[in-house]
């Protein structure tokens, strides 16, 4: 039986003036008396673009996008990201019409005041902060902190200036750090983390909880993968990073000694029975937007897979897809041979995804969704391989300029 | 060692490290063995180009003993201009006035009609052989097993000398050698980035590069870090096994009279006998006792001492070299000690 208990977060006092909501959260989805405005950061990214698409799909609201200009203008970057996402997810949304409901403001969460004035954005109803650095190597520690922690602080300040009534923060389920067992939808303490990225997300969550008043939702997706139907994704970390690391490692070994990995099984330091929590991008976006439009209370929501597959099965599926012999699972680093240890080093960032036996409790999320959940989160070996094959085809195109080895 | 010994032979032109540097430590194999016709200008860019891996090493003061051209205030080429591939070793190995020879080669190459690379090499090597009054040429490059298939195709009439050394000693030597270090770090970076970082500025996958390999990217190259970084022995052992396994497979496909396999350890133990075998393989007219007597004392003593390793390191190295030893033992069962 589903646990209906709702864990309420002990929120600090309201620190922003409460204004009349532009959208009545008590109303059902079909009744939208007014049009709200959402400010979205990270809208050119994987989760951010999907959230924008979902907002444009579920509502008739307006969206203001805070996007960084790069080699292209902020407007172009966003338009391309939204178009790409709509195509990748076979969305029924009319992209030109959807873009007409969006306004792009060039800015950067890593800059003072996010590099914008509040006047350039105008009043907003909800803020969705999904901009983040997903890097993990030590050399990026400053960048990770500047984007994920300081950037979050700046977006919170901006949200206050804009009179936002809700602040939706896209965090990660892996703020759990090294904890195992059942992970509740609760604030995290200062527990041990695995890397700079996790540390930054823990700190950012705590800043969000303590700095913003009216309504704060912290969404914690797990390992976000491609669309549940099309399998397509638009950026490639997490599961895709693991596949890519293995492709790169296989390539390195092949350049060194062709066929070695085909003859010899790699040992992987993982618990094969532990779950790997893959969740499709459309499910993450749909659940986040649905919760934000519902009467759900403030707090933490796990946008995770309620029935995650075991990592051992997933790893075997990926190895098989890459025509490698099944890996041998070990729990002790001392059991790794030299070659195994080299791959193990490359999995440092993925360690918390693949070694810890943890279950993400979804009681609050399920309660907020009112029991509406499809069966599109089931991952067996063939579906994992389908996800991987889609990415592999793309990766091979990106790696077509590899020089010959001999 | 072998190039130096051959250089002393009256009838043999010793072409040292030609393919090592024209392929830029293995990064430009496809270009160096392009099957389609290339014109003189394209050929000259390959021969006389200052290739990126060598140039990076030079700019950061990372040299290898094989690089005989030493840029200085009075030399034509400097760390700033880069040193042409031909000038790293091949031409300075032939003459003290390598810059003059370089100019002669430039004139010769300029007159060549478009042709496949293999034809260009044949003409160039024949011209150099005549230029020095020799009868045959012998090209020797470190790690050339990597391109042995290409060599077999490019030189269908050539004979091959395979000088094999105990993989464990070879691995120790490789681990300290900056040329192999460059080749092996570039190999890893190439697979991570999806491009050779010395040939492309595409850094789409830069986030995947581990911190410890960043100092070996051309844009972040740190000469001190490069010198400090010891290439792991098992990596070198696996590399050796890979080269031996693939190389002997290629060589085994050739008629027996086109391949001479010699052991480095035999060279050290009995230089006269090994040199005589080598000369006899070239042909009866190359057997030269005077050369053997003069060259034998120059055979160096091996520097690497496999037994100086710790037990775990030794075991890892032994494991890494096992496939290579097995491949050799299968091909040469008379040498039980291969395995």
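Roughly what % of Cα-Cα distances in the protein assembly as shown sit above 48 Å, to the whole percent? Walk me through the intermediate numbers first.
On the way: 91642 of 277140 pairs.
Taking all Cα-Cα pairs of the protein assembly as shown, the fraction more than 48 Å apart is 33 percent.
Could you state the orientation-averaged shadow area of the convex hull built on the Cα atoms of segment A:31-113, in nm² to one decimal?
Values: hull surface 23.1 nm².
Dividing the Cα hull surface by four gives the mean projection, 5.8 nm².
What share of the DSSP beta bridges in chain A is antiparallel, in percent to the nearest 5?
On the way: 1 of 37 bridges.
If I count the DSSP bridges inside chain A, around 5 percent turn out antiparallel.
In nm, to one decimal, how far is the modelled label at residue A:393 from the one at residue A:119, with both set 7 Å along Cα→Cβ?
5.1 nm
Shielding by partners for B:238-246, please: the mean number of other protein chain Cβ atoms within 10 Å of each residue's Cβ. Mind dumping the intermediate values first?
Details: counts 7, 3, 2, 3, 10, 3, 1, 4, 5.
The shielding value for this peptide is 4.
Taking the Cα centre of each part, how many Å lie between segment A:44-120 and segment B:1-26?
Using only Cα atoms, the two centres lie 61 Å from each other.
Which whole-number percentage describes the relative contact order of segment B:16-135, with Cα contacts under 8 Å and a sequence gap of 6 or more?
Working: 130 pairs, mean separation 42.4, N = 120.
35 percent.
Going by alpha carbons, how many degrees (0 to 90, nearest 10) lie between the helix axis of A:239-256 and the longest principal axis of chain A?
In chain A, helix A:239-256 runs at an angle near 30 degrees to the longest axis.
Select from B:75, B:185, B:261 the residue whose mean-square fluctuation is largest in a Gaussian network model of chain B (Cα-Cα springs shorter than 10 Å).
Comparing B:75, B:185, B:261 in a Gaussian network model of chain B, the most mobile one is B:75.
Using the alpha-carbon centroid of each, what span in Å lies between segment B:83-103 and segment B:235-301?
Taking the Cα centre of segment B:235-301 as reference, the centre of segment B:83-103 is 26 Å away.
With 10 angstrom as the radius, rank A:311, B:64 by how many other C-beta atoms surround their C-beta, starting from the fewest.
Values: A:311 23, B:64 19.
Starting with the residue having the fewest Cβ neighbours, the order is B:64, A:311.
Springs between alpha-carbon atoms under 10 Å, Gaussian network over chain B: tell me which of B:107, B:248, B:195 tops the mean-square fluctuations.
It is B:107.
Once both axes come from the Cα atoms, what is the angle between helix A:281-293 and the longest principal axis of chain A, in degrees from 0 to 90, rounded to 10?
20 degrees
What's the average, rounded to a whole number, of partner chain beta-carbon atoms within 10 Å of each residue's beta-carbon in B:189-197? Please report the intermediate quantities before stating the final value.
Values: counts 1, 9, 13, 8, 4, 12, 6, 3, 0.
Mean inter-chain Cβ contacts per residue within 10 Å come to 6.
Rank B:145, B:254, B:91 by mean-square fluctuation in a GNM of chain B with C-alpha springs under 10 angstrom and give only the top-ranked residue.
B:254
Hey, got the Cα dimensions of segment B:16-135 along the principal axes, in Å, largest first?
37, 32, 21
When N is the residue count of segment A:236-337, what does its C-alpha Rg come to as a fraction of 2.2 N^0.38 Å?
1.42
How would you rank A:330-343, A:118-131, highest first, on the average number of other Cβ atoms within 10 Å across their residues?
A:118-131, A:330-343
Taking a cut-off of 19 Å, what percent of all Cα-Cα pairs in segment A:220-276 are separated by more than that? If you can, show how the numbers build up before the last one.
Working: 766 of 1596 pairs.
Value for segment A:220-276: 48 percent of Cα pairs lie more than 19 Å apart.
Once every DSSP H run of n ≥ 4 in chain B is given -39500 (n - 2.57) and the sum is divided by its residues, what mean residue ellipticity at 222 nm do you get, rounded to the nearest 500 deg cm²/dmol? Working shown, then result.
Working: 18 runs with 174 residues, N = 339.
Roughly -15000 deg cm²/dmol at 222 nm, from the helical runs in chain B.
Let me know the mean shielding of B:4-10 by other chains, meaning the per-residue number of their Cβ atoms within 10 Å of its Cβ. Show your work: numbers first, answer last.
Details: counts 0, 0, 0, 0, 0, 0, 0.
Neighbouring Cβ atoms belonging to other protein chains average 0 per residue here.
Once the mean 1/r over all distinct Cα pairs of chain B is inverted, what Kirkwood radius in angstroms do you read off? Kindly include the intermediate steps, with their values, before the conclusion.
Values: mean 1/r = 0.0472 Å⁻¹.
That comes to 21.2 Å for chain B.
Can you put A:84, B:238, A:196, B:120 in order, fewest other beta carbons within 10 Å first? Numbers along the way, then the final one.
Details: A:84 16, B:238 28, A:196 22, B:120 25.
In order of increasing Cβ crowding within 10 Å: A:84, A:196, B:120, B:238.
With each pseudo-label sitting 7 Å past Cα toward Cβ, what's the residue B:220-residue B:322 distance in nm, one decimal?
3.6 nm
Just the number, please: percent antiparallel of the DSSP beta bridges in the protein assembly as shown, rounded to the nearest 5.
Numbers: 2 of 48 bridges.
The antiparallel proportion sits near 5 percent.
Given R₀ = 25 Å, what would the calculated FRET efficiency be for residue B:273 paired with residue B:330, taking r from the Cβ atoms and rounding to 0.05? If you can, show how the numbers build up before the last one.
On the way: r = 25 Å, r/R0 = 1.01.
Efficiency at R0 = 25 Å is approximately 0.50.
Would you give the gap between the C-alpha center of segment A:255-296 and the C-alpha center of segment A:331-352, rounded to a whole Å?
17 Å
Where does each of B:122-130, B:239-247 land if you order them by average Cβ count within 10 Å, highest first? Walk me through the intermediate numbers first.
On the way: B:122-130: 16.7, B:239-247: 24.3.
Going from most to least packed, we get B:239-247, B:122-130.
Neighbouring Cβ atoms within 10 Å as the yardstick, rank A:203, A:94, A:298 fewest first.
If I rank by nearby Cβ atoms, fewest first, I get A:94, A:298, A:203.
Would you mind computing Rg(Cα) / (2.2 N^0.38 Å) for chain A, counting N as its residues?
Values: Rg = 21.3 Å, N = 406, 2.2 N^0.38 = 21.6 Å.
Relative to the 2.2 N^0.38 Å estimate, chain A comes out at 0.99.
Helix A:196-211 against the longest principal axis of chain A: what's the angle in degrees, Cα atoms only, rounded to the nearest 10?
20 degrees
So what is the relative contact order of chain B, in percent, for Cα pairs below 8 Å that sit 6 or more residues apart? Write out the running numbers ahead of the final one.
On the way: 437 pairs, mean separation 69.0, N = 339.
Normalised by residue count, the contact order of chain B is 20 percent.
Determine the gain in length on full extension of the stretch residue A:381-residue A:192; use 0.36 nm per residue of separation and subtract their C-alpha separation, reporting nm with one decimal. Write out the running numbers ahead of the final one.
Details: separation 189, 0.36 × 189 = 68.04 nm, distance 3.20 nm.
Separation in residues times 0.36 nm, less the Cα-Cα distance, equals 64.8 nm.
Sum -39500 (n - 2.57) across every DSSP H segment of at least 4 residues in chain A, then divide by the residue count to get the 222 nm mean residue ellipticity, nearest 500.
On the way: 15 runs with 154 residues, N = 406.
That comes out to -11000 deg cm²/dmol.
Modelling each spin label as a point 7 Å along the Cα-to-Cβ direction, I'd like the residue A:138/residue A:57 distance in nm, to one decimal.
4.3 nm
At a 10 angstrom cut-off on C-beta neighbours, averaged per residue, how do the peptides B:309-315, B:137-143 rank from highest to lowest?
Values: B:309-315: 11.9, B:137-143: 21.0.
So the order, starting with the most tightly packed, is B:137-143, B:309-315.
Express as a percent, rounded to the nearest 5, the fraction of DSSP beta bridges in chain B (both residues included) that run antiparallel. Can you show the working numbers first?
Numbers: 1 of 11 bridges.
The answer is about 10 percent antiparallel.
Normalised by the number of residues in chain A, what is the relative contact order in percent for Cα pairs under 8 Å and 6+ residues apart?
Working: 768 pairs, mean separation 78.1, N = 406.
Relative contact order, chain A: 19 percent.
Since every read-out is calculated from the coordinates, none of them should be taken as a lab result. All figures in this text were calculated on a predicted structure; none of them were measured in a lab. Methodologically, a virtual Cβ is constructed for each residue, glycine included, from the backbone with ideal geometry; neighbour enumeration extends over all protein chains shown.
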